[in-house]
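Asks: Structure in C-alpha cells, see below.
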Amino acid sequence: YAACKQSGESSDAFIQRLRTRFPAMKTLPPLKDFSFTSLDGKSGTLSGYRGKVVMIDFWFVGCVGCMMERESLDTLATRFAGDTNVVLLSIALSDERELKEYLASHPSKFITVPSASTICDNEEIEGFPTHVIIGRDGATLLRNIGGGSEVHIELEKKIREAL
C-alpha cells in the first residue's frame with residue numbers, strides 16, 4: 001500500500017480505487033504484447049511464448065517485498081527447471097548494471113529483462129512485486145500484487161492448473 005498509494009490516499013481510498021479500476025471480472029484483461037532484450041542479450045516477445053505457460057515477475061532491486069520473495073521464487077524456478085512448457089520471465093525496473101551486481105550474489109533462473117519501465121507502464125503495473133500468469137492461449141490467469149516468503153505456493157498451483 002505504502003509504495004502504491006497516491007499522494008495522501010488512505011488505505012480505504014486505495015482499496016476503493018483498485019475496486020473501481022478492476023471491478024469484479026470473470027476474466028482478467030490480457031497483457032499487451034511487448035518485445036524485450038534479456039540481460040544475457042537474447043531478444044523475444046511475449047507473444048512468442050504462445051503455447052507455453054508464462055509466469056512474469058515485475059520487480060526492482062531495492063523493493064522490500066521483492067527481496068522478501070526471492071528465495072520463494074527460486075524455489076518455483078527449481079520446481080519447473082527443465083520444463084519447456086513453462087517460461088519464467090523477470091521484468092525489472094532496475095538497469096543492467098544494478099541487476100548484474102545484485103544477481104552476482106543472488107542468481108536467478110528467470111529470463112531477466114533490465115530497464116523495463118516502459119513495459120511496466122504499458123502493462124499498468126501499479127505495485128511491486130506484481131506477478132502475472134498467462135495460459136497457453138494467452139489468457140491472463142492470475143495477476144496479484146505483493147510478495148512474501150511463500151508466494152511460490154500460489155504461483156506453482158496456478159501454473160500446474162494451466163499445464
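Asks: May I ask you to derive the FRET efficiency for S149 and L18 from their Cβ-Cβ distance with R0 = 25 Å, giving the value to the nearest 0.05?
Replies: About 0.60, to the nearest 0.05.
Asks: Using a 1.4 Å probe, what is the accessible area per residue for the chain, in Å²?
Replies: With the other protein chains kept in place, the chain gives 54 Å² per residue.
Asks: Grab the eigenvalues of the alpha-carbon gyration tensor for the stretch 84-124, scale each by 5, take roots, and send me the semi-axes largest first in whole angstrom. Please report the intermediate quantities before stating the final value.
Replies: Numbers: eigenvalues 65, 55, 6 Å².
For the stretch 84-124, the ellipsoid semi-axes come out as 18, 17, 5 Å.
Asks: Any chance you could get the radius of gyration and Dmax over the Cα atoms of the chain, in Å?
Replies: 15.4, 46
Asks: Out of the total accessible area of the stretch 64-122 (probe 1.4 Å, heavy atoms of protein only), what percent is carbon and sulfur?
Replies: 51 percent
Asks: For the charge dipole of the stretch 5-163, defined by +1 on Lys and Arg C-beta atoms and -1 on Asp and Glu C-beta atoms about the Cα centroid, which residue among V54, G8, T78 has the Cα displaced farthest towards the positive pole?
Replies: So the residue furthest toward the plus end is V54.
Asks: A follow-up question, please. Once every DSSP H run of n ≥ 4 in the chain is given -39500 (n - 2.57) and the sum is divided by its residues, what mean residue ellipticity at 222 nm do you get, rounded to the nearest 500 deg cm²/dmol?
Replies: Counting only the DSSP helices, I get -9500 deg cm²/dmol.
Asks: Plugging the Kirkwood radius over Cα pairs into Stokes-Einstein for the stretch 73-163, at a temperature of 4 °C and a viscosity of 1.567 mPa s, what D comes out in µm²/s? Write out the running numbers ahead of the final one.
Replies: Details: Rh = 14.1 Å.
The estimated diffusion coefficient comes to 92 µm²/s.
The values are calculated or read from the model by the stated rules, or taken from the named source; none is laboratory data. Keep in mind the model is a prediction, meaning the values are calculated, not measured. Glycine also receives a Cβ, built like all others from the backbone with ideal geometry; neighbour counts cover every protein chain displayed. Ligands, DNA and RNA are stripped out before the accessible areas are found, and what is left, the full protein with its side chains, is counted by its heavy atoms. Shrake-Rupley method; radii C 1.70, N 1.55, O 1.52, S 1.80 Å.
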